[in-house]
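The values are calculated or read from the model by the stated rules, or taken from the named source; none is laboratory data. Predicted, not measured: the structure shown is a model, and the values here were computed from it. For neighbour counting, all protein chains shown are included, and Cβ atoms are generated from backbone atoms with ideal geometry for every residue, glycine included. For accessibility, only protein heavy atoms count, side chains too; no ligands or nucleic acids. Shrake-Rupley method; radii C 1.70, N 1.55, O 1.52, S 1.80 Å.
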Amino acid sequence: MLTVEGLRSRYGRIEVLHGIDFTVNSGEIVSIVGANGAGKTTLLRCLSGVQPITHGDITFRGEVLTAVPAHRRIRLGLAQSPEGRQIFTKLSVEENLRLGAFLYSDERVDKDLADAFAMFPVLKEKRNLSAGGLSGGQQQMLAIARALMGRPSCLLLDEPSMGLAPILVAQIFDVVKGLKALDVTVLLVEQNAFGALSISDRGYVMETGRIVMTGTGGELIADPRIREAYLGV
Ligand code: ATP
């Protein structure tokens, strides 16, 4: 579904991605894990089209995205739930969700909204309250639910567990795992290697702008190098 080959990107004269290769197959949850500063966010920004790439190709559902602007990528089914959530705090929960469906103006939006509320009952309870009043975990659920309102076939998630209490972290990973049942393919970028790899079909480990290791989620969790470097074991 998504193939990245030889991707390089830079900020000014400093190259931060030095030739990244990976694939995400339809229906998979794939994680890219790595420490703070490894380049994970930059990579997702390249995929969503807001960060220029200097070399390489991104192919999504058979179409080369390199020259495709960000808004068209969303229409093609590639959606991002950004780091730091970026919800509209002054708008209500429901308004935030409806904004996620800005591409559509049909009655299916109401059905999608009902589905989102069924998946996240707490958002239904608080649908008329301003989103800024939600807890961190609830805001993260709103960010994911809002991205789903765009009916993506592939969802890019940037650090959904960031800044959450452990019990909420577990809940968020459960939510991400549940996206499989909705036929949404997921590329998950995380510093929480254990949480991410536990729910992933496959994973890639990124260090200073390069992919240094890949395997199934289980293989990577069991690998002594990963356990020492990322899992604190
Ligand atoms: P984090 O988990 O903190 O988001 P990350 O793995 O996502 O880390 P990036 O944010 O992609 O890493 O950063 C990769 C490198 O690019 C880092 O060295 C960072 O300092 C640098 N960088 C990020 N944003 C910019 C920017 N706007 N201008 C210059 N350098 C940047």
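Report whether or not Q80 is part of a loop (DSSP other than H, G, I, E, B), within 16 Å of the ligand (Cβ to nearest atom), of a type outside the set (S, T, Y) and at pLDDT below 95.
no
How do the pairs read when you match residues in segment 53-76 that are in contact (Cβ under 8 Å) with a residue 24 or more places away in the chain and closer than 22 Å to R146 by Cβ with residues anywhere that are aliphatic (A, V, I, L, M) and surrounded by fewer than 15 Cβ atoms within 10 Å (Cβ to Cβ), using Cβ under 8 Å and keeping only pairs 6 or more apart or on different chains?
Pairs found: I74/L103; R75/L103.
Here is a check on your reading of the model: is T42 away from the ligand (no atom under 16 Å from the Cβ) and either part of a strand (DSSP E or B) or closer than 19 Å to I211 by Cα (or both)?
Criteria not met by T42.
Out of the residues in segment 1-35 that are open to solvent by 40 Å² or more (accessible area, probe 1.4 Å) and closer than 14 Å to F60 by Cα, which is farthest from the chain's Cα centre (by Cα)?
E5
So, in segment 174-210, of the ones that are open to solvent by 50 Å² or more (accessible area, probe 1.4 Å) and in contact with an Asp or Glu (Cβ under 7 Å, 6 or more places away or on another chain), which residue ends up modelled with the lowest pLDDT?
The qualifying residue modelled with the lowest pLDDT is Q191.
Please go through segment 117-146 and give me each residue that is open to solvent by less than 10 Å² (accessible area, probe 1.4 Å), closer than 26 Å to R45 by Cβ and either under 17 Å from the mean Cα position of the chain (by Cα) or of a type in the set (F, W, Y) (or both), ordered by number.
G137, Q140, L142, A143, I144, A145
Quick grid of which residues meet (1) outside any loop (DSSP other than H, G, I, E, B); (2) within 12 Å of the ligand (Cβ to nearest atom):
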{"residue": "T3", "(1), (2)": "yes, no"}
{"residue": "L7", "(1), (2)": "yes, no"}
{"residue": "E15", "(1), (2)": "yes, yes"}
{"residue": "A35", "(1), (2)": "no, yes"}
{"residue": "Q51", "(1), (2)": "no, yes"}
